[in-house]
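Have a look at the structure below before the remarks.
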Amino acid sequence: MGAQHGRLAPRIGLAASHSVIIRPETPDDIDEIDAVVEAAFGQPDEAKLVRLLRASDVFVPELSLVAEEEGAVVGHVMISYAMLVSEEDERRVLSLAPLAVRPDRQRDGIGGALTLAALSIADERGEPLVIVLGHPAYYPRFGFERASLHGISPPSQALLEEAFMVKRLSAYDPSYTGRFVYPPAFDET
């Protein structure tokens, strides 16, 4: 299934001395994922969000990836479904949340490798786009741009416009417009 099974090449920013493998999560990874996500965010809300998303109908198993180094989970990314609501219809789209790397391994390219692998899998699946609410200086390197440029509005006008972004994939269609709506799991954290 592409990039998520092999060792990552230094070209994506990983230190050559580290052998990090990107792969889909397994049930055996869940406790380690919780620990990585909680450590990365400094509180338990995002780890709870991951558990809630995993237990819901918006979960996409092949889009929940871990970075493994020497048998330990050092990073995690989850892309799950959300809704894009317009006057004409509701469409299911992907949302990247959260992306977490163990604090002692941050700034080593692991988050970027996870993001690239997840976006590649989403593209291979024929998905049209991925939404993220994230740091406006980080996500544009992966092709994310302001969602408002493409007629997609955030769930709340209180969100910073520059932090609400979309990555258009190969199957993108400009008719994907409207208000983005997070799944219920986001209301429970």
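Quick check: Cα centre of region 147-174 to Cα centre of region 33-72, how many Å?
Distance between centres, Cα-based: 24 Å.
With each run of n ≥ 4 DSSP H residues scored as -39500 (n - 2.57), what mean residue ellipticity at 222 nm is computed for the chain after dividing by its residue count and rounding to the nearest 500 deg cm²/dmol?
Values: 3 runs with 37 residues, N = 189.
So the calculated ellipticity at 222 nm is -6000 deg cm²/dmol.
Quantify how much of the Cα-Cα distance distribution of the chain extends past 22 Å, in percent. List each step's numbers first, then the result.
Details: 7744 of 17766 pairs.
Looking at the chain, the distances longer than 22 Å represent 44 percent of pairs.
Let me spell out the model: positive unit charges on the Cβ of Lys and Arg, negative unit charges on the Cβ of Asp and Glu, origin at the Cα centre of region 2-188. What dipole size does that give, in debye rounded to 20? Walk me through the numbers before you get to the answer.
Working: 17 positive and 29 negative charges, 123 e Å.
Using Cβ point charges on Lys, Arg, Asp and Glu, region 2-188 gives about 580 debye.
Let me make sure I get this right: for region 17-76, a, b and c are the square roots of the gyration tensor eigenvalues over alpha carbons, sorted descending. Under 1.5 in a/c it's rounded, otherwise prolate if a/b > b/c, else oblate. Which is it? List each step's numbers first, then the result.
On the way: a/c = 2.39, a/b = 1.32, b/c = 1.81.
Judged from the Cα gyration tensor, region 17-76 comes out oblate (a/c at least 1.5, b/c at or above a/b).
Let me know the longest stretch in the chain that avoids all GluC sites (Glu not before Pro) found in a DSSP loop with at most 12 other C-beta atoms within 10 Å. Please report the intermediate quantities before stating the final value.
Values: sites that count: E70, E87, E88.
No qualifying site falls inside 89-189, the longest such stretch.
Can you tell me the FRET efficiency between D104 and I30 if r is taken as the Cβ-Cβ distance and R0 is 22 Å, rounded to the nearest 0.05? If you can, show how the numbers build up before the last one.
Values: r = 21 Å, r/R0 = 0.95.
My answer for the efficiency is 0.60.
Values quoted throughout were computed directly from the atomic coordinates according to the rules given, and no laboratory measurement underlies them. Predicted, not measured: the structure shown is a model, and the values here were computed from it. All Cβ positions, glycine included, derive from the backbone under ideal geometry; neighbour counts span all protein chains shown.
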